[in-house]
Amino acid sequence: MSVKASLFGLAFGDALGKPTEFRSYADIVATFGPRGPRDLPPGALVTDDTQMALAVAGAVELALAEGPLSADRLEPHLNRLFVAWARSPENNRAPGNTCMQACAALERGRPWWEATVSGSKGCGANMRVTPLGLVPGLSEDERAGASQLQAALTHGHPTGLAASELTALAVRWLLDGLAVAELPAALRARCDSQRQVYRGDWLGDQLWRRSAAGSPEAFAATGWDECKAALTGLEDAVRFVGPDADPCAAGGAGWIAEEALATAVYCLLLFPASPVDVVARGAASSGDSDSIACLAGAFAGAVNGEAGFPADWYERIEYRTELDRLAAAWS
Ligand SMILES: [Mg+2]
């Protein structure tokens, strides 16, 4: 179990999925074989997924330096670092439209609940959240609330919020020793227990009031129900879809938040003890390959530790200095 392997696993999956994101499944398999790309070249570049995850991590660090994590402490740092990412010359890795649109509105000074793209549940909300599963010492409420708030700045749909919380908690639970086989059921149980919970301390009341939902509980329930549906049947798919087929057949294409989570969990279920197989399988997928593979890599790293990935990958990946620094601070 390793914070470092989870942070780097995110970047490894992202980098392996970068060249495959917009290619057809047949084309990917023709190039890389049925189990996907497994070679990380020197100077491997990541995408917006890792860049934004580093922004979330940085915001959490700055907020924690001021005191216990809260919405008031965290939101200004998220806001500033998301806008800085959007304007960065390094933001040239096919960034998501929702994030760019919301960041432009944040930069104009709109409050986040107006800047957010209220109908979007794109996976840009949860592809960047796994650092919140890794930061030590948070209560469950802090981890859950902060995960939802970081999503809400750009993606206002309740399913983006719920999927982000689930993604961060999955990393935390795996780090704490939850067996991989137990993960889908644990996530579905979270969907049930949280179904009527709207985290007003973190989200305020503007977000749900601007939706079509009649109450905060109804707003939240939509997100948890959609996530639970996406997470149902993954265990059976391990047998019926299997390790040599497109993982999107099991969990969905992953352009939306709950499918990115489900398909990444599915990749982990296929190869619980083999992180390279997990990220390669995520990268060889018909859908949002870099986001599926980065989440799958964060899960597989949390479970298997640093030795699960080739040693030279840690020297080859972009942003390794920052990833190393975070790993040392949080281990
Ligand atoms: Mg990307």
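Read-outs: derived from the displayed coordinates by stated rules, not from any lab. Because the structure is predicted, anything quoted here is derived from the model rather than measured. FYI the Cβ positions are ideal-geometry reconstructions off the backbone, even for glycines, and counts take in every protein chain you see.
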**Complete:** Quick numbers on the stretch 78-141, Rg and Dmax over C-alpha atoms in Å, give 13.0, 36
**Item:** Rounded to whole Hz, the Karplus (6.51, -1.76, 1.60) HN-Hα couplings of the stretch 264-272, x for glycine and proline
**Value:** 5, 4, 4, 4, 5, 4, 5, 9, x
**Fill in**
In the stretch 229-331, the trypsin sites (Lys or Arg not before Pro) that sit in a DSSP loop and have at most 11 other Cβ atoms within 10 Å of their own Cβ are none
**Complete:** Rounded to the nearest 500, the 222 nm mean residue ellipticity computed for the chain from DSSP H runs (n ≥ 4, each -39500 (n - 2.57)) alone is -18500 deg cm²/dmol
**Fill in**
Assertion target for VAL117, VAL279, VAL56, ordered by fewest C-beta neighbours within 10 angstrom first, is VAL117, VAL56, VAL279
**Asked** In degrees, nearest 10, range 0 to 90: what is the angle between the Cα axis of helix 71-87 and the longest Cα principal axis of the chain?
**Response** 60
**Item:** Listed residues ALA102, THR321, PRO41: farthest to the positive end of the dipole of the chain (Cβ charges)
**Value:** ALA102
**Fill in**
For LYS18, counting only lysines whose alpha-carbon sits under 25 Å away and dropping same-chain residues fewer than eight positions off, the answer is LYS4, LYS121
**Asked** Dipole of the stretch 3-330, Cα-centred, from +1 at each Lys and Arg C-beta and -1 at each Asp and Glu C-beta, to the nearest 20 debye?
**Response** 340
**Message:** Tell me which trypsin sites (Lys or Arg not before Pro) from the stretch 171-210 have a DSSP coil assignment and no more than 15 other beta carbons within 10 Å of their own.
**Reply:** ARG210
**Item:** Summed side-chain charge close to VAL303 - residues other than VAL303 whose Cβ falls under 14 Å, Lys, Arg +1, Asp, Glu -1
**Value:** -2
**Message:** With just the Cα atoms defining each centre, how far is the stretch 118-154 from the stretch 250-326? Give it in Å.
**Reply:** 18
**14 Å beta-carbon shell around ALA59, net charge (K/R +1, D/E -1)** = -3
**Request:** Write down Rg/Rh for the chain, rounded to two decimals, with Rg from the C-alpha atoms and Rh from the Kirkwood relation over Cα pairs.
**Result:** 0.94
**Amide H partners (placed H, <5 Å) of HIS155, local residues excluded** = VAL117
**Prompt:** How high is the relative contact order of the chain, in percent, with contacts defined as C-alpha pairs under 8 Å that are six or more residues apart?
**Reply:** 31
**Asked** Ranked by Cβ crowding within 10 angstrom, fewest neighbours first, how are LYS18, LYS4 ordered?
**Response** LYS4, LYS18
**Prompt:** So, counting K/R as plus one and D/E as minus one, what does the shell of residues with Cβ under 14 Å around THR232 add up to?
**Reply:** -4
**Item:** Relative exposure of THR47, THR232, judged by other C-beta atoms within 10 Å (fewest first)
**Value:** THR232, THR47
